[in-house]
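Q: Have a look at this one.
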Amino acid sequence: MKVLSKSRFKLGLECPNKIYFSNNSEVFENQKNEDTFLQALASGGFQIEEYARLHFPQGILIDGPYASDNYAEFANKTKELLKQENVVIFEAAFIVNDLFIRTDILVKKGSQIQLIEVKAKSYDPSDQFTFLGKKRILTSSWKPYLFDLAFQTHVAKLSFPEFSFTPYLGLVNKTQKATVEGLNQLFRVSQNNEKRTGVEVLANSIDQMGDSLMSFIPLPELIEDIINDKHKYYENLGFHEAISLLRDIRLENHYPNWPANFTNCKACEFKSISNAINKKSGFEHCFKSQFNWSESDFKRPNIFNIWDLRDATIFERGIRFKDEMSEDDIKLKENPSFISRTHRQWLQIVKERSNNFSEYVDLDGLKQEIETWKFPLHFIDFETSTVPLPFHTGRKPYEQIAFQFSHHIYHIDGRIEHANEYINTTPGEFPNFIFMLNLYNALKNDEGTIFRFSTHENTILNAIHAQLKESHYEFKDLLIPFIESVSAAKKEHATPWETPQRNMVDLCDIIKKYYYNPYTFGSNSIKKVLPAILKTSTFVREKYSNSIGNIGLISKNFNKNHVWLKEENGSIISPYKMLPTVFDGYSIDEIEGMLSEIENIDDGGAALTAYGKIQYTNMSQMEREDLSLALLKYCELDTLAMVMIYEHLKSISS
């Protein structure tokens with residue numbers, strides 16, 4: 001049975017063509033299908049859904065395998081339950097006119113029904129412009145959620161016109177503090193769990209949860225306005241038009257040829273990027289259909305990956321390829337002191353369209369910058385977590401938790417040592433202040449320049465600064481001035497301070513200002529910059545193709561025989577791919593007995609997932625230590641990657 005479900009309705013609002021591609025999932029690749037388990041862990045959505053259910057202890061779950069054959073069965077079970085005068089239903093199902101929804105929570109009292117959609121999204125009750133901005137226009141970040149709720153309300157009303165439905169959003173109240181310890185760990189996400197949310201709940205009632213962190217917000221007028229087309233998703237697509245269009249695509253499986261636009265096409269997930277998957281690209285399908293692109297056109301550098309391109313009208317003016325662009329299109333304006341934003345864009349355009357992969361360096365600017373740096377040089381990287389259900393009492397939803405850092409020192413004589421590291425592996429222990437004390441002890445001994453990559457570390461220090469201000473921590477008077485001596489206050493900080501002389505240097509910002517490597521294809525992520533430099537830098541390749549022991553590198557987590565760079569089929573393997581698996585050397589039976597269900601820690605998402613798992617109090621000490629070691633190795637590589645980037649910049653500017 002084919003129906004337009006609420007998930008496909010939301011997908012189709014992004015772009016109606018996506019309904020066709022999702023209909024034919026065996027033909028078209030979908031990048032968002034990857035790593036769904038880790039994504040679920042990171043977002044906390046499944047946990048919040050189960051947490052919200054505890055607020056309704058009499059709730060009846062309509063459960064079973066989620067397949068098209070069961071749609072009518074789910075709807076019939078819902079119909080039977082709604083015969084009761086009062087009832088609470090989880091996953092209530094409604095099917096009418098080939099439209100199908102399942103609601104998170106339904107509360108029926110007589111003929112009055114509350115329809116509650118639960119989201120792991122933060123909400124501040126004091127913000128009167130959350131859903132509608134000052135101009136009474138739907139806030140763009142909330143629009144998908146509000147149209148989702150409108151779709152559910154519409155289908156429910158069509159199914160049971162005799163009832164009165166009031167739509168609600170169940171959101172996480174970010175102003176509330178957890179009043180119980182280890183709240184997050186009472187909701188354990190597992191790949192092996194048979195429940196649809198994949199969450200094992202270790203609590204019997206909301207009474208065990210302390211003060212509620214949820215807000216249930218009625219939105220009847222706003223949702224009614226959406227249904228009545230007072231608020232449109234697009235100017236050319238109202239609510240009922242969208243339902244009719246998307247239902248036809250879903251049922252008839254035809255390609256709607258919805259007009260391409262720069263913003264949607266740039267972010268389209270229906271692209272084929274993996275040679276291992278023999279599937280087609282939806283992006284290519286659209287551009288063949290709409291613009292008659294040939295196979296050679298797809299090999300021409302197009303405009304979609306141009307770094308920080310903000311002018312979507314370029315696409316609307318018919319420009320699709322870099323070789324069609326002029327300096328006027330990006331309003332090129334050069335800066336004599338550094339590479340400006342538009343100059344960087346123009347570098348990318350010119351180099352890609354001429355197939356020129358030589359790096360560009362503003363040597364004078366880079367040399368002047370390097371001359372301001374003081375030895376010894378310090379490279380730091382933080383691993384952090386933000387979750388909707390806090391790990392610790394007294395903490396708010398989505399509050400920053402800093403659980404790990406790595407610290408490399410580059411001495412004036414060229415010696416490199418992994419000098420310090422910190423990781424919190426104690427379940428229930430709030431780590432931020434201990435983290436900060438360890439960082440202070442690592443950096444207090446000299447005035448050497450401190451490097452970070454991007455803005456994350458500065459953001460975290462601002463957050464810990466605010467936490468210390470509110471605390472009674474015994475070393476707050478030591479740590480607050482230290483934070484103010486190495487970081488810049490963010491504009492929104494409650495108690496800002498003057499930018500200090502030893503303010504951390506953002507190595508990512510240095511890259512943006514003075515260096516462009518075409519192999520990054522416009523990205524400034526360290527995961528793109530490092531491989532690009534490894535392709536370009538003979539110095540770095542030759543040095544790190546030797547073992548740690550042979551280059552005199554001091555490591556805390558790798559033995560002296562470890563080699564960071566190896567070649568395979570003439571290409572350098574990313575150092576992150578050289579990281580060992582978490583449970584290297586264990587048997588399959590031993591691995592299946594682990595609680596963590598994590599094979600590799602080679603990116604930030606896996607790292608924060610591992611930290612959440614470490615909070616399990618019933619995890620064996622052996623598994624905890626193995627996860628901890630994998631985290632330490634990953635974080636050490638992050639700061640070593642910064643050292644490699646520095647060494648390349650130093651070598652080309654000498």
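The values are calculated or read from the model by the stated rules, or taken from the named source; none is laboratory data. The structure displayed is predicted, hence computed values, not measured ones. Cβ atoms come from the backbone with ideal geometry, glycine included; neighbour counts cover every protein chain shown. When the accessible area is computed, the model is the full protein with side chains, heavy atoms only, and any ligands, DNA or RNA have been set aside. Shrake-Rupley method; radii C 1.70, N 1.55, O 1.52, S 1.80 Å.
Q: Pairs of Cα atoms under 8 Å, at least six residues apart: use those to get the relative contact order of the range 141-254, whole percent.
A: For the range 141-254, the relative contact order is 29 percent.
Q: Tell me the volume per residue, in Å³, of the convex hull enclosing the alpha carbons of the range 296-420.
A: Once divided by residue count, the hull of the range 296-420 is 230 Å³.
Q: Which order, highest average first, do 617-624, 359-366 follow once you tally other Cβ atoms within 10 Å for each residue and take the mean per peptide?
A: Top of the packing list down: 359-366, 617-624.
Q: How many percent of Cα pairs in the chain exceed 43 Å?
A: 31
Q: Something else now. When you count, for each residue, the other Cβ atoms within 10 Å and take the mean per peptide, how do 283-292, 641-650 rank with the highest first?
A: 641-650, 283-292
Q: A further question on this structure: Helix 432-443 versus the longest principal axis of the chain: what angle, 0 to 90°, nearest 10, using Cα atoms?
A: For 432-443 against the chain, the angle is about 20 degrees.
Q: Here is a further query. If I compute solvent accessible area with a 1.4 Å probe over the protein chains, what percent of it on the range 444-572 is carbon and sulfur?
A: Carbon-and-sulfur percentage of accessible area, whole number: 46.
Q: Related question: What do you get for Rg/Rh of the range 598-654 when both radii come from the Cα atoms and Rh is the Kirkwood radius?
A: My calculation of the ratio gives 1.21.
Q: While we're looking at this one, here's another question. With each pseudo-label sitting 7 Å past Cα toward Cβ, what's the W373-D297 distance in nm, one decimal?
A: Inter-label distance under the simple model: 4.5 nm.
Q: Based on Cα coordinates alone, diagonalise the gyration tensor for the range 129-193, multiply each eigenvalue by 5, take square roots, and list the semi-axes in whole Å, largest first.
A: In descending order, the three semi-axes are 30, 21, 13 Å.
Q: Still on this structure, I have one more. Positive end of the dipole of the chain, charges at C-beta (+1 Lys, Arg; -1 Asp, Glu), about the Cα centre: which of N355, H648, I319 has its Cα farthest in that direction?
A: In the chain, that residue is I319.
Q: Now for a different question. Quick one: which of 208-219, 401-412 comes out on top by average Cβ neighbours within 10 Å, and what's the full order, highest first?
A: In descending order of packing, they fall as 401-412, 208-219.
Q: Setting aside same-chain residues fewer than 8 positions from K469, which aspartates and glutamates have a Cα under 20 Å from its Cα?
A: K469 reaches E399, E429, E457, D477, E484, E492, E498.
Q: Check the straight Cα-Cα distances from K528 and name the aspartates and glutamates below 18 Å, setting aside those fewer than 8 residues away within the same chain.
A: D308, E352, E359, D381, D506, D509, E567, D602, D603, E636, D638, E647
Q: Then there is this: State the extension gain, in nm to one decimal, for the chain segment bounded by H411 and R136, taking 0.36 nm per residue of separation less the distance between their alpha-carbons.
A: 93.3 nm
Q: If I fit a long axis through the Cα atoms of helix 456-470 and take the longest principal axis of the Cα atoms of the chain, what angle between them do I get, 0 to 90°, rounded to 10?
A: Once rounded, one gets 70 degrees.
Q: Right, here's the next one. Give the relative contact order (percent, whole number) for the range 63-121; include only Cα pairs under 8 Å separated by 6+ residues.
A: Averaging sequence separation for qualifying contacts and normalising by length gives 25 percent for the range 63-121.
Q: How many Å² of accessible area per residue for the chain, probe 1.4 Å?
A: For the chain, the solvent-accessible area averages 45 Å² per residue.
Q: Quick one: length gained pulling N204 to D477 fully straight, 0.36 nm per residue minus the C-alpha distance?
A: Between N204 and D477, full extension yields 94.1 nm more.
Q: For a 19 Å ceiling on Cα separation, which of these pairs sit above it: K134/K232; K174/K476; K18/K230; K108/K174; K18/K288; K491/K527?
A: Result: K174/K476; K18/K230; K108/K174; K491/K527 exceed 19 Å.
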